[in-house]
Amino acid sequence: MADTLATPVPEVPDAAPEFPMPRAGRCPFDPPPALKDLQEQAPLVKVRLWDGSEPWLVTRYAEQRAILGDSRVSADTDRPGYPTKASPDAGEGKLSFIMMDDPEHARLRRMVTAPFAIKKVEALRPAVQRIVDDLIDDMLTGPQPVDLVEAFALPIPSLVICELLGVPYDDHAFFQDNTKTMVHRDATPEQRGQASREVAAYLAELIGKRLAEPEDDLLSSIAGRITAGEIDHQQATEMALLLLIAGHETTANMIALGTLALLENPDQLALLRESDDPELVASAVEELLRYLHITHLGRRRAVTEDIEIAGQVIKAGEGVIMVNEIGNRDPKVFPDPDRLDITRDARRHVAFGFGVHQCLGQPLARMELQVVYGTLYRRIPTLKLACDLQDVRFKHDAFIYGVHELPVAW
């Protein structure tokens, strides 16, 4: 087996670049130039983390998919070599089954797959269309400019996930405020821990109510697993917490950031706005998911057995980080990758991951984005940014990338 790359990996620890790379002063939609440089250098390079550890950064699309699909890598944060994002007291914690390995991962995941099946999701499309249309009606009759994040991007996934889970929408401000704290990069461990405990306590109470009086919602289904003895109340609460966070924070950021990207690429916006072809809308969603990846800390794994990939042996006990923002910009797979082109076939992107841990809610996210991108710009054809691009505040301070506010007018 080969144990060196064609392009040598720096052997001196101080020579390994730090990750994450700085993002200030660059195009807000593009990966840091330092990451692109590493991608050109080699498919795997060593990087240095906050604790001095040096996991492998997987820079290219083919190698990312190969590793994500390999059973010899683990998502368990307790595995030796797992490249953690922060110190042990930073409240990183485990997010239910997504940080577990099979067979336990598969057992728990199966409990919540049914509502995210494509047919079930498609049955929700008319309800999502009504939500989108009602919010646009409210914007059109209100003052200008308006913050698209607050008035549109946040309420849509919040309303949808509340309806799906069975969480009263009257309480959406409570969990939105707390989940913002949970994913804020600069929040203290105490702040993140407190926010997580408050949302968990809220969900645990709701699950308790569903145990006594089941309804036709996902929380009742999860509660039924407790009754059947398959999980305990704590596991049920963790599962609900994961679905609540993943179900609105990511999609809300994609709605606002995708809108800004389209406004900054008026030729692509015109194509989308002037077409009523659902296939073009679906294509635009996939391209925006490729072009704008909103999780910039990478998918992290620990290697459990030696793996040889791209001529390099990754040894058991070493960590790997797959950075989707450059995987999805690999020129070998996506020609002219830094150009937004909603007509390209971008369905092979890895925005939702790959392998057994790929995103459970991707059918729902796709459908919501199709409704949004297929409706907003046709109903408000003169939509425009109501400030200079340099005045938009980007979420460099959060684990989930996006914009804090997006002032728009028409």
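The values are calculated or read from the model by the stated rules, or taken from the named source; none is laboratory data. Keep in mind that this is a model prediction, so the values were computed, not measured. Please note: Cβ atoms are built from the backbone with ideal geometry, for glycine as well, and neighbour counts cover all protein chains shown. Just so you know, the surface numbers come from the protein's heavy atoms only, side chains and all, with ligands and any DNA or RNA stripped out. Shrake-Rupley method; radii C 1.70, N 1.55, O 1.52, S 1.80 Å.
Ordered from largest to smallest accessible area (heavy atoms of protein chains, 1.4 Å probe), the residues 369, 280 come out as 280, 369. Pairs of lysine residues in the chain that meet both criteria, 8 or more places apart or on different chains and Cα atoms under 15 Å apart, total 5.
Approximating the spin labels as points 7 Å out from Cα along Cα→Cβ, the residue 151-to-residue 76 distance works out to 5.0 nm.
The charge dipole of the chain, taken about the Cα centre with unit charges on the Cβ atoms of Lys, Arg (+1) and Asp, Glu (-1), comes to about 560 debye, rounded to the nearest 20. Sequence-distant contacts, meaning Cα pairs under 8 Å at least 6 residues apart, place the relative contact order of the chain at 26 percent. Remark: region 142-295 carries a charge dipole of roughly 480 debye about the Cα centre, counting +1 on each Lys and Arg Cβ and -1 on each Asp and Glu Cβ. Given springs between every Cα pair under 10 Å in a Gaussian network model of the chain, which of 123, 153, 195 has the largest fluctuation? Most flexible of the set in this elastic network: 123.
Farthest towards the positive end of the charge dipole of region 277-410, among the residues 409, 389, 324, is the Cα of 409, using unit charges on the Cβ of Lys, Arg, Asp and Glu. Computed from the C-beta positions of residue 62 and residue 212, the FRET efficiency with R₀ = 60 Å rounds to 0.70. For the chain, set up a Gaussian network in which alpha carbons nearer than 10 Å are linked by springs, and say which option among 155, 278, 17 fluctuates the most. Evaluated over the chain, the most mobile residue of the options is 278. Among 383, 292, 38, the residue with the largest mean-square fluctuation in a Gaussian network model of the chain, with springs joining Cα atoms closer than 10 Å, is 383.
Selection among 179, 234, 282 by position relative to the dipole of region 169-285 gives 234 as farthest towards the positive end (Cβ unit charges, Cα centre). Candidates 43, 100, 212 compared by Cα position along the dipole of the chain: farthest toward the positive end lies 43, with charges placed on Cβ. Spin-label model, residue 394 to residue 201: label points 7 Å out along the Cα-to-beta-carbon direction sit 3.8 nm apart. With each label modelled as a point 7 angstrom along the Cα→C-beta vector, the residue 190-residue 34 pair spans 3.1 nm.
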